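The values are calculated or read from the model by the stated rules, or taken from the named source; none is laboratory data. Treat the numbers as computed from the prediction; the structure is a model and nothing was measured. Methodologically, a virtual Cβ is constructed for each residue, glycine included, from the backbone with ideal geometry; neighbour enumeration extends over all protein chains shown.
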Amino acid sequence: MIDKGINSARQKRKSSEARSSLMVFPNDTNDFGTMYGGRLIELMDMVGGICARRYTGTKAVTASIEDMQFYKPINKGDIIEITSNVIWTGTKSLIVKTKVTKEEYTEEKTVCSRAYFCFVAIDKEGVPVVVPELLIESLNDKKNYSIGQEIRKRQKLEEKRFQIELKENL
């Protein structure tokens, strides 16, 4: 179990990964035969949540979805692979990069979507807990960590704006 004390030394861990593959069926698609964006986000959130849970060793809840991008349509019958990796950690939150690729009728993979999910680690009572510090080992780890830092900065600004909107009933 992760130590709940902020003042104690945080353990360091390598990034965890989660992946899932599935075929896109007609009930996953719209009138154009392409995958519903909401369904794709749901699947990405689930795989990202598994990644966050593996990394933290606790439950993890979605706090926000950042920079969701749909590059290429996913069609009925495509096989998709969803891959998630922890790229940044704060004291009680972490950012998980989640990418979706598709295969049509060859094994060639095409990147279709990408998003950054912010998760908060929680205990059995739903109270946020300290997460391990991310161990940076490669140049790619360092680049992804920098992306995570920028995303966290933007999140903090958005959180402030949201509080103002709530306060002023906008």
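Looking only at segment 60-108, count every residue that is touching a Gly at 6+ places or on another chain (Cβ under 6 Å) and part of a loop (DSSP other than H, G, I, E, B) and tell me the total.
Here the count works out to 1.
What are the pairs with Cβ atoms under 8 angstrom where one residue, in segment 141-155, is touching a residue at least 12 places away in the same chain (Cβ under 8 Å) and the other, located anywhere, is of a type in the set (Asp, Glu)? Sequence gap at least six, or different chains.
Once the first residue is touching a residue at least 12 places away in the same chain (Cβ under 8 Å) and sits in segment 141-155, its partners that are of a type in the set (Asp, Glu) give Ile151/Glu66; Ile151/Asp67; Arg154/Glu66; Gln155/Glu66.
How many residues does segment 111-133 contain that are assigned to a strand (DSSP E or B) and more than 21 Å from Met46 (Cα to Cα)?
Here is the first cut: in segment 111-133, the ones assigned to a strand (DSSP E or B) are 111-122, 128, 133.
Checking the rest, the ones that are also more than 21 Å from Met46 (Cα to Cα) come to 133.
Count: 1.
Scan segment 34-67 for residues that are touching a strand residue (DSSP E or B) at 6+ places or on another chain (Cβ under 9 Å), at pLDDT 95 or above and farther than 23 Å from Val129 by Cα and report the count.
9
Among the listed residues Asp123, Asp141, Asp67, identify the single one that is under 28 Å from Gly33 (Cβ atoms) and of a type in the set (Asp, Glu). Give the steps one after another, and end with the answer.
Numbers: Asp123 fails: under 28 Å from Gly33 (Cβ atoms); Asp141 fails: under 28 Å from Gly33 (Cβ atoms).
Testing whether each residue is under 28 Å from Gly33 (Cβ atoms) and of a type in the set (Asp, Glu) leaves just Asp67.
Would you mind finding the one in Thr106, Thr101 that is at pLDDT 95 or above and surrounded by fewer than 21 Cβ atoms within 10 Å (Cβ to Cβ)? It would help to see each step written out before you state the result.
Values: Thr106 fails: at pLDDT 95 or above.
It is Thr101.
Please determine whether any residue of segment 8-28 is touching a Phe, Trp or Tyr at 6+ places or on another chain (Cβ under 7 Å) and at pLDDT 95 or above.
yes
Within segment 134-168, take every residue that is hydroxyl-bearing (Ser, Thr, Tyr) and assigned to a helix (DSSP H, G or I) and give me the one that is surrounded by the fewest Cβ atoms within 10 Å (Cβ to Cβ). Spell out how you get there, then give the answer.
Our first condition is that a residue be hydroxyl-bearing (Ser, Thr, Tyr); within segment 134-168, this holds for 138, 145-146.
Subsequent filtering for residues that are assigned to a helix (DSSP H, G or I) retains 145-146.
Details: Tyr145: 18, Ser146: 13.
Looking at residues that are hydroxyl-bearing (Ser, Thr, Tyr) and assigned to a helix (DSSP H, G or I), I get Ser146.
Out of Leu43, Leu22, which single residue is among the hydrophobic types (A, V, I, L, M, F, W, C) and part of a helix (DSSP H, G or I)?
Details: Leu22 fails: part of a helix (DSSP H, G or I).
It is Leu43.
What's the number of the only condition in (1) within 20 Å of the chain's Cα centre (by Cα); (2) at negative phi that Glu108 fails to meet?
(1)
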